1. How large is ³J(HN,Hα), in whole Hz, for each residue of segment 22-33 in order, when computed from phi with the Karplus curve 6.51 cos²θ - 1.76 cosθ + 1.60 and θ = phi - 60°, using x for Gly and Pro?
2. If packing is taken as the mean number of other Cβ atoms within 10 Å per residue, what is the order of 5-11, 30-36, highest first?
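Please treat every number below as a calculation from the coordinates, not as lab data. Keep in mind that what you see is a predicted model, and the values were worked out from it rather than measured. Positions of Cβ are generated from backbone atoms using ideal geometry, with glycine treated the same way; all protein chains shown enter the neighbour counts.
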Amino acid sequence: MLLVRGDHELNESKAGKLPGFERGWRLASEAEIVDHFGCPPGTRSCCSAQAGARDRRSNVARMSDFICGANEADYHLPA
């Protein structure tokens, strides 16, 4: 799973070069996201990401005073 900051866009070409993604990958459909995570696309939170997840460039680890998704449409969590 890739998490992208709300003010950034995923570059699919670069994502395909990340370790573990070289053999092929695809974007999940909205139905797959809801089925797997129980929340609509665009609401998933870095604050609730699975244990063991890591930020490849440690951007999130250095951030302060930000909000993140609450895994529910139209709601956010302070972090």
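1. 5, 7, x, 7, 8, 6, 6, 6, 4, 4, 5, 5
2. 30-36, 5-11
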